[in-house]
1. So what's the net charge close to A130: Lys and Arg +1, Asp and Glu -1, counting the other residues with Cβ under 12 Å from its Cβ?
2. Going by average Cβ neighbours within 10 Å, how do the peptides 140-149, 293-302 rank, with the highest at the top?
3. Which parts of the stretch 127-159 would a label at V120 reach, counting a residue when its backbone N lies under 15 Å from a point 7 Å out along Cα-to-Cβ?
4. So how tilted is helix 500-512 from the main axis of the chain? Cα-based, degrees 0 to 90, rounded to 10.
5. The list (1) 77, 60, 48; (2) 83, 51, 50; (3) 84, 50, 45 gives values of Cα extents along the principal axes in Å, and only one came from this structure; which label was calculated from it?
6. Which distance in Å, rounded to a whole number, links the C-alpha centroids of the stretch 522-546 and the stretch 371-418?
7. With each run of n ≥ 4 DSSP H residues scored as -39500 (n - 2.57), what mean residue ellipticity at 222 nm is computed for the chain after dividing by its residue count and rounding to the nearest 500 deg cm²/dmol?
8. Hey, what do the phi angles of the stretch 161-176 turn into as Karplus ³J(HN,Hα) couplings, whole Hz, using 6.51/-1.76/1.60 and θ = phi - 60°, x for Gly and Pro?
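Any read-out appearing in this document is the output of simple, stated calculations on the displayed coordinates, not a laboratory observation. Computed from a predicted model, the values in this text were never measured in an experiment. Every residue, glycine as well, gets a Cβ built from its backbone with ideal geometry; the counts of neighbours run over all protein chains shown.
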Amino acid sequence: MKISVCQINTIVGDINTNKLKILEGYSKGVEDKVDLVVFPELALIGYPPLDLIEKEEFRETVMNAANEIAKKTTDVGLLFGSVTEDDDLVGTDVHNSALLCFDGKIQFIQNKTLIPNYDVFDEMRYFDPAKSVDVFEFKGEKLGISICEDIWNDADYWHKRRYRTDPVNRLILKGATILLNISASPYVYRKREDRRKMLSVLTKGNGLPLLYVCYVGGQTELIFDGASMCLNSKGELVKMGKYFEEDYFVFDTKENYTIIDIVERSFEEEIIDAITYGLREYCKKIGFKKVVIGLSGGIDSAIVTYFAVKALGQENVNVIMLPSVYSSEGSITDSEKLIKNLGINSDVIPIQPLFEDALKNLEPIFNDSPKNIAEENLQARIRGLYLMAVSNKFNYLVLATGNKSELAMGYCTLYGDMSGGLSVIGDLYKSEIYALAKYINKDKEIIPNEIITKEPSAELKENQKDQDTLPPYDYLDKVLKMYLEDNKEYNKIVAELGGEKEVRKILDTVDRNEYKRRQAAPALKVSTKAFGFGRRFPIVQGWRKN
């Protein structure tokens, strides 16, 4: 069977634009004389649609658009993701569906069986599972159609499965001769290689070719990398879509292709491309052409500025230096060097005058009480005030510059350095930021070496260093990764790393600062567990007291 793979980038809720993309890809497939043209999961509405699904008017518009698409089909098949409804009065009555169209109408519908409800997925809130799984005979083949999660439950690959049901195995038992999986699988570093291995085990074990088409694009914090995969009946990867961009290619199950062995690059290459793509997508889809960043002279704001230039171009990046009396001379000179290296626009607004005025106005209330974090945070909030003013005046998007280590420990100021519409590096630990900076400089110095080698500091009081408050980042990040991503608790972490008191203090601090993260900008997700709606931790809780 000759199949066109259409790896498209859609916009959630923009039904007309998405419809036109589907029709355009279908026309290209017809021109290439293929048998079938395949698009990703929920291609007509975008992924994830969230509570848009609950709107009756939205669902009606989607169904009308699906029928309009079907009417334009010939004898060439078209398979794409959308939603359908039934009226059995049990559950939501809405399904995440794969629609197979040809000869002017929708001929077959296969609903998604496995409805995920973990991490960033909340599909059980919206969709009912399929009542049955069936193959469909088309042009001499028996199509085994599944949707995303349906294929992630193979007993031969997973030591522990999430579900008792295996819809793909049912398709095989019913005589499928080719497997088709339409997907919207968010990017996570190393997931692409896991996906290849899983699909290889599945196809090799059952002797069937498999086509896996994945959505590409950015939807707020979620990044979809594309990398659609086609495997032959020996479990060998023979066709693959581009990373982080739309793609179209033809897969012929009768052709012999060169085997593809490498599907993932180094951590630094992958993360730089993913973050750059996610930032560009967010700005494009939400309507921002320019961004503004508070440049402190530290490594976090420097690397966010680098990502902004890479994603949007130097002419669309504006930085503002906001020095106070506690800002070191190096913070200014290092920032100026970065500005020159990147060729970007910059301004300087000293915050000291406003800081001193604010302290004077607060004297009657503070009433000679000792200085504490209030004075430190006031400086960060003045910086946030200036950045937001520039944002409002010129329609720039403020990019938050906090990293995952700081967000985890609450080492950040609400309405201050947490200000911004998007957290660019909020899913990267501090140690990963340093690794990226060194990689960026591999050919020439872009991030000034002085920024990389200096001790990190918030510079909110005299001679302040991050390590005055936080454990060394190398140790802290290991604990945080084990706790947040590996889901390990106190006893297991201590058994591996030691430091009983330190580990307990870190975990307690992470849990207590959920209230800050709940008010943070969405962070581009590149790890298995990012802060945001993928991690649902109570603000009011007393767990550590036990």
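1. Working: positive: K112, K131, R170; negative: D86, D128, D134, E149, D150.
Local net charge: -2.
2. Numbers: 140-149: 23.0, 293-302: 25.0.
Per-residue Cβ counts within 10 Å, averaged per peptide and sorted highest first, yield 293-302, 140-149.
3. 149
4. Once rounded, the angle reads 70 degrees.
5. Among (1) 77, 60, 48; (2) 83, 51, 50; (3) 84, 50, 45, the one derived from this structure is (2).
6. Taking the Cα centre of each part, the stretch 522-546 and the stretch 371-418 sit 21 Å apart.
7. Details: 16 runs with 200 residues, N = 546.
Value at 222 nm, helices only: -11500 deg cm²/dmol.
8. Values per residue, Gly and Pro as x: 9, 7, 10, 6, 8, 10, x, 5, 5, 4, 4, 5, 5, 8, x, 4 Hz.
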